Amino acid sequence: MKTTAALIAALGLTTAVAAPAFAQEEMDVAAVTCAEFDDMDDAGKMAVAEALVTELESMENVDAAMVELEGVCDEPNNEDSAVLTALTAGSAN
């Protein structure tokens, strides 16, 4: 009986630890708009920045990416743009 309870507890702990990493992998930065980004708390914004750095295969620091996203999303007419589009729109020049 104790073994079963220990196994269930260990499985629950493993699942709880793995869930945040899985959720981050599933974030679609092409679907998150600047308006949604602006409404997020700091943890949410950091998760978007991490996903964006991963999506772009960038060497940029995640903190710097979050600051850059905040600036880009504060620009006029970007509230309906996806964060990926807003951030990369001027990079081709």
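Coordinate-derived values only; no laboratory data. Quantities reported herein were computed from a predicted structural model and do not represent experimental measurements. Note that we place each Cβ from the backbone using ideal geometry, even for glycine, and neighbour counts take in every protein chain shown.
If you go through region 30-46, how many residues are under 9 Å from the mean Cα position of the chain (by Cα) and without any contact (Cβ under 8 Å) to a residue 24 or more places away in the chain?
3
List every residue pair whose Cβ atoms sit under 9 Å apart, with the two residues 6 or more apart in sequence or on different chains, where the first one lies in region 58-77 and is free of Cβ contacts under 8 Å to residues at least 60 places away in the same chain and the second, anywhere, is of a type in the set (A, V, I, L, M) and in a loop (DSSP other than H, G, I, E, B).
Once the first residue is free of Cβ contacts under 8 Å to residues at least 60 places away in the same chain and sits in region 58-77, its partners that are of a type in the set (A, V, I, L, M) and in a loop (DSSP other than H, G, I, E, B) give Ala65/Leu56; Val72/Ala89.
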